[in-house]
1. Counting only other residues whose beta carbon sits under 14 Å from that of Arg25, what net charge do I get with K and R as +1, D and E as -1?
2. Take the alpha carbon gyration tensor of region 69-148, find the square roots of its eigenvalues, order them as a ≥ b ≥ c, and report rounded if a/c is under 1.5; if not, report prolate when a/b exceeds b/c, else oblate.
3. Under a crude label model (7 Å from the Cα following the beta-carbon direction), how far is Arg142 from Ile41 in nanometres?
4. Mind listing which GluC sites (Glu not before Pro) in region 54-160 are in a DSSP loop and have 14 or fewer other Cβ atoms within 10 Å?
5. Specify whether the C-alpha gyration tensor of region 51-197 places it in the rounded, prolate or oblate class, a ≥ b ≥ c being the square roots of the eigenvalues: rounded for a/c under 1.5, otherwise prolate if a/b is larger than b/c and oblate if not.
6. Relative to the Cα centre, what is the charge dipole magnitude of region 1-148, using +1 at the beta carbon of each Lys and Arg, -1 at the beta carbon of each Asp and Glu, and rounding to the nearest 20 debye?
7. Can you compute the FRET efficiency between Asn191 and Glu96 using 1/(1 + (r/R0)^6), with r the Cβ-Cβ distance and R0 = 35 Å? Round to the nearest 0.05.
8. So which chymotrypsin sites (Phe, Trp or Tyr not before Pro) in region 85-179 end up in coil per DSSP with only 12 or fewer other C-beta atoms within 10 Å?
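All of the numbers you see were taken from the coordinates with simple rules; none came from a lab. The structure presented is a predicted model; accordingly, all values stated were derived computationally and were not measured. All Cβ positions, glycine included, derive from the backbone under ideal geometry; neighbour counts span all protein chains shown.
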Amino acid sequence: MNLKRDLSDGYSTNEKKRKAEEEARTVFGENEELREENEVIRKENREIKEELNEQRRLMNIYEKDRKKSNLVLTGMTMGTEDPRALKEVIENIIEEYLKLDIKIKNAKKIGNQTCLLELNNVDQKNKILQNKYKLKNYKLNRIYINEDLTSEGMEKRKQLRDRAKEETNKGKSVKIGYNKLTVDGRELRWNNKKRNM
């Protein structure tokens, strides 16, 4: 009888061992499937991120191209919303103070003292930017003319100005250029990937 019980216990132990091994293989197989699914999801996630970055890059290129001939005029109180009247007033200011004969394609009021100017080409824009210093002679109030920047460009400009202010407060000589700062003769360039200097 004892021999029978010992044999049946051995049989049940072997059976239990076999079942445990089978369950372990099943769990291991499920874990392996989950790992593979997880890797597929990670790969898809990387691809989506790359695609999103590419879309952002293309949108930025499109936005830059759309704004390449635009300027933003600030500091002048705009009494009208009429684009034709704005064009006429601004063309007169450009002619009288900048001594340039430039026809504006479109003018749009975007704030109480802000106007978006759409010019016919980049050359006109550059001529205005080269001569904008002459607006200091404007009698009524201080007028500023700047490029119409993308949101990324505005962020760059803000960081450049903030850094320039820091360096100036330290008593250093600072000049702001296009995507760069010159601090005491040393040039610091903007890094697009890191989004800083």
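1. On the way: positive: Lys17, Arg18, Lys19; negative: Glu21, Glu22, Glu23, Glu30, Glu32, Glu33.
Charge balance near Arg25 sits at -3.
2. Details: a/c = 1.44, a/b = 1.08, b/c = 1.33.
Judged from the Cα gyration tensor, region 69-148 comes out rounded (a/c under 1.5).
3. Between Arg142 and Ile41, the label points sit 5.5 nm apart.
4. Details: sites: Glu54, Glu63, Glu81, Glu88, Glu91, Glu95, Glu96, Glu118, Glu147, Glu152, Glu155; in loops: Glu81.
Within region 54-160, the qualifying GluC sites (Glu not before Pro) (loop, at most 14 other Cβ atoms within 10 Å) are Glu81.
5. Taking the square roots of the gyration eigenvalues as a ≥ b ≥ c, region 51-197 is oblate.
6. It works out to roughly 1100 debye.
7. 0.25
8. Answer by residue number: Tyr178.
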